[in-house]
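Have a look at the structure below, then the notes.
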Amino acid sequence: MNKFKKLYHRIRDFCVYSVFGFIASLINIICYWFFRHNWQWQYLIANTVAWIIANVFGFFTNKSIVFKSKYSSIKKFWHEFINFFTLRGLSFFIDTGLMFLGITILRWSSMFVKIIDQVIVGIVNYYFSRFTFIWCNRIMAHPQQIDVPTNELNEITDKD
């Protein structure tokens with residue numbers, strides 16, 4: 001029964017994340033399109049502002065709905081916020097690199113590149129979000145166990 005529960009939580013988290021991740025990607029794409037094509041912003045600036053808007057949405061939906069992380073203290077909130085945006089900062093560099101490669105180097109359409117970019121970055125962000133809201137919460141709950149074995153990363157969705 002315990003293995004079924006773990007599998008259920010993994011599938012549930014992934015499915016719910018997929019819905020809200022899709023919405024966040026849609027927000028990112030629409031904001032990018034608006035800033036780039038309506039306001040004629042340079043594509044990297046439009047991408048950065050779209051990324052910020054989509055990731056603020058992503059933080060609150062991942063925290064509250066997808067991974068059901070509770071606001072137990074202001075310290076925990078800031079810990080999650082900093083972890084989330086630190087890891088998403090890494091995905092921002094992937095995002096920006098893909099945009100630069102596709103638009104500047106390959107000369108592809110910016111909207112085509114943006115859509116492809118969001119698929120790749122969405123997959124990366126899923127794992128970053130799991131780390132932030134599940135694994136980091138375990139560390140905060142049990143600070144004496146900070147040296148968590150890497151095999152535990154496979155079981156971070158075990159919700160007690």
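The values are calculated or read from the model by the stated rules, or taken from the named source; none is laboratory data. Not measured: the values here are computed from a predicted model. Positions of Cβ are generated from backbone atoms using ideal geometry, with glycine treated the same way; all protein chains shown enter the neighbour counts. These accessible areas exclude ligands, DNA and RNA; they are computed on the full protein's heavy atoms, side chains included. Shrake-Rupley method; radii C 1.70, N 1.55, O 1.52, S 1.80 Å.
Here Ile74 passes the criteria (1) more than 15 Å from the chain's Cα centre (by Cα); (2) buried (at least 17 other Cβ atoms within 10 Å of the Cβ); (3) not basic (Lys, Arg) except the one numbered (2).
Tell me, which residue of region 1-17 that is open to solvent by less than 40 Å² (accessible area, probe 1.4 Å) and at pLDDT 80 or above is farthest from Ile123 (Cα to Cα)?
Applying the first criterion (open to solvent by less than 40 Å² (accessible area, probe 1.4 Å)) to region 1-17 yields 9, 13, 16-17.
From what is left, the residues that are at pLDDT 80 or above are 16-17.
On the way: Val16: 13, Tyr17: 10 Å.
Step by step, filter region 1-17, then rank; the result is Val16.
A Cβ distance below 7 Å, combined with a sequence gap of six or more or placement on separate chains, defines the contacts here; from region 69-88, residues that are under 18 Å from Phe128 (Cβ atoms) reach residues that are assigned to a loop (DSSP other than H, G, I, E, B) and open to solvent by less than 100 Å² (accessible area, probe 1.4 Å) in the pairs Glu80/Ser69.
Does Ile103 fit the bill of being in a helix (DSSP H, G or I) and under 15 Å from Thr132 (Cβ atoms)? Steps first, answer last, please.
Working: in a helix (DSSP H, G or I): yes; under 15 Å from Thr132 (Cβ atoms): no.
Criteria not met by Ile103.
Scanning region 37-59 for residues that are more than 11 Å from the chain's Cα centre (by Cα) and either in a helix (DSSP H, G or I) or farther than 28 Å from Val113 by Cα (or both) gives His37, Asn38, Tyr43, Leu44, Ile45, Ala46, Asn47, Thr48, Val49, Ala50, Ile52, Ile53.
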